[in-house]
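Nothing in this text is a laboratory measurement; each read-out follows from the coordinates by a stated rule. Nothing here was measured: the structure is a model prediction, and the numbers come from that model. Here the Cβ is made from the backbone with ideal geometry for all residues, glycine too, and neighbour counts use every protein chain on show.
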Ligand SMILES: Nc1ncnc2c1ncn2[C@@H]1O[C@H](COP(=O)(O)OP(=O)(O)OP(=O)(O)O)[C@@H](O)[C@H]1O
């Protein structure tokens, strides 16, 4: 008799939102999980925003096509919001599927925030969008919240002294509590982008068990440190190869750093006019 393999309950239960690419979906066991906080870490131009823009479009797809039939809330802290790029991507997507609502951009709410306090205030009000009025007005319920980027909010407002570090950690946890509450109470997928910092001290890396990757020939780790790292459920690293910096080759790599339902693995991808696509 064949042995019954124990199955990971997250794999069975979590609804996933397709990335729009079967290769990236295969790496992510189906896509970005609802009910969890997924972090995309990467240096500037690694492709974090491009992937987030793609996700707010794929979230609109019906479940039969891997989407979650949902609107999205895109909270951005870097200005300006790339509206023209989103519009171009939505036109490309509309050509390949007739299943997007028309016009797709009516189902993507965009909100700029300038500080961590500002973000907390938005997160405290966001549940009003989840229940009631949006459904009755014909708008799809919110199923995906993107925060692009979390690191930008902490770059300027905090110094390296002990008081500010404590204040900063307090902010991380306050944001994380709200994100996890929204994810578990409403089953939304939450995607947060984060920047990288250079890692210079090998010893510290080992002692702190700090994950790092090579990107553009630099050894880098996620910005905001271990405190923030413990606030996310899934961490995906987007890196650029050293050769892609020297040449026109725009290959990048998505790597699973951790995730309760994901084995470690990676997939190369490219960014094209029509979107983000895995290539290996
Ligand atoms: N229309 C397009 N066609 C092809 N590639 C594009 C297009 N638009 C953007 N890209 C690629 O996407 C890259 C920018 O990626 P993205 O905006 O996702 O970076 P990011 O990781 O969010 O960086 P940052 O942290 O600075 O915001 C560009 O350098 C370019 O290679």
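Restricting to the chain, what percent of DSSP beta bridges are antiparallel, rounded to 5? In the chain, approximately 50 percent of DSSP beta bridges are antiparallel ones. For the chain, the relative contact order is 25 percent, taking Cα pairs closer than 8 Å that sit 6 or more residues apart in sequence and dividing their mean separation by the residue count. Quick one: grab the alpha carbon gyration tensor of region 20-278, order the square roots of its eigenvalues as a ≥ b ≥ c, and give me rounded if a/c is under 1.5, else prolate or oblate depending on whether a/b is larger than b/c. Cα axes put region 20-278 in the oblate bin. Between residue 161 and residue 94, the FRET efficiency from the beta-carbon distance, with R0 = 35 Å, is close to 0.10. Comparing 257, 234, 188 in a Gaussian network model of the chain where C-alpha atoms under 10 Å apart are linked, the largest mean-square fluctuation is found at 257.
Listed by Cβ neighbour count within 10 Å, with the fewest neighbours leading, 169, 230 appear as 230, 169.
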